Amino acid sequence: MKLKNIKASFIFNQNLIEGKSGTEKFIFKEENVTYTIYKHTPHLLNVTGVKSIAQLMNCRGNMEERFNKKIIQERVDNLFFSKKDNKNLDMDLLCHYLKGNELYYASYVHELFPGMHLLPNNKLYPTIVLFRTGSFTLMGSTDIELIFESESFVESLIKKFNKTKNRGYLKDPC
């Protein structure tokens, strides 16, 4: 599993642009990172497209220098992890297995979307999107321990419902 994207917020001690009400925004890009300032929150700089914590620290320094203002608070709003695989999962059986799960609610309508959404009952956990191939994404949490716990959970599901590896052995694990 690899970190693919970080969304963060930099809160400055002064406004970056003249603040007004409304939904107007100022957007600019530097080195594949997108920065957005909304007029209704002119002291807040939204940062998206960051690929590592080191790059986030670099962005912080660059923005303090660019605006010649001090960042008083930095907040990671979202971490997006992804893992590609090439397995063959029994998604229908997996969905049946997850009914009543205490951690996640499974939403799987393959006619509308090829992946299964595993929505956390506790919003501190990440949302998981799991595909038949065993590829998955985790997004929405900023608690690294809960992210790793969720990764272990989804890896155990992949192992349990891998049709190729478990051929002939997996009848009904429910």
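The values are calculated or read from the model by the stated rules, or taken from the named source; none is laboratory data. Since the structure is predicted, the reported quantities are computational estimates derived from the model, not experimental observations. Cβ coordinates were reconstructed from backbone atoms using ideal geometry, including for glycine residues, and neighbour counts include every protein chain displayed. To get the accessible areas, we keep the full protein, side chains included, count just its heavy atoms, and leave off ligands, DNA and RNA. Shrake-Rupley method; radii C 1.70, N 1.55, O 1.52, S 1.80 Å.
Taking trypsin sites (Lys or Arg not before Pro) as candidate sites, keep only those in a DSSP loop with at most 12 other Cβ atoms within 10 Å, then name the longest stretch of the chain containing none of them.
So the longest stretch without any such site is 21-69.
The slack between residue 60 and residue 110, meaning 0.36 nm per residue of separation minus the straight C-alpha distance, is 13.9 nm.
For an R0 of 30 angstrom, estimate the FRET efficiency from the Cβ-Cβ distance between residue 127 and residue 48 and round to the nearest 0.05.
On the way: r = 17 Å, r/R0 = 0.58.
Once rounded, the FRET efficiency stands at 0.95.
Modelled this way, with points 7 Å down the Cα-to-C-beta line, the labels at residue 32 and residue 11 are 3.0 nm from one another.
The region of the chain that goes longest without hitting one of the GluC sites (Glu not before Pro) in a DSSP loop, each with at most 15 other Cβ atoms within 10 Å, is 32-101. Of the heavy-atom accessible surface of region 101-151 (probe 1.4 angstrom), what whole percent is carbon and sulfur? Taking all protein chains in place, region 101-151 shows 58 percent carbon and sulfur surface. Of all the options 27, 37, 128, the one that moves most in a Gaussian network model of the chain with Cα springs shorter than 10 angstrom is 27. Here r is the Cβ-Cβ distance between residue 72 and residue 2 and R0 is 41 Å; the resulting FRET efficiency, rounded to 0.05, is 0.85. Report the full-extension gain for the segment residue 85 to residue 153: residue separation times 0.36 nm, less the Cα-Cα distance, to one decimal in nm. Additional length available on full extension: 22.9 nm. Residues 164, 127, sorted by accessible area with the largest first, give 164, 127 [1.4 Å probe; ligands and nucleic acids excluded]. Among the listed pairs 2/25; 2/123; 7/29; 87/160, those with a Cα-Cα distance over 20 Å are 2/25; 2/123. Compared with the dominant Cα axis of the chain, that is its longest principal axis, helix 53-67 is turned about 20°.
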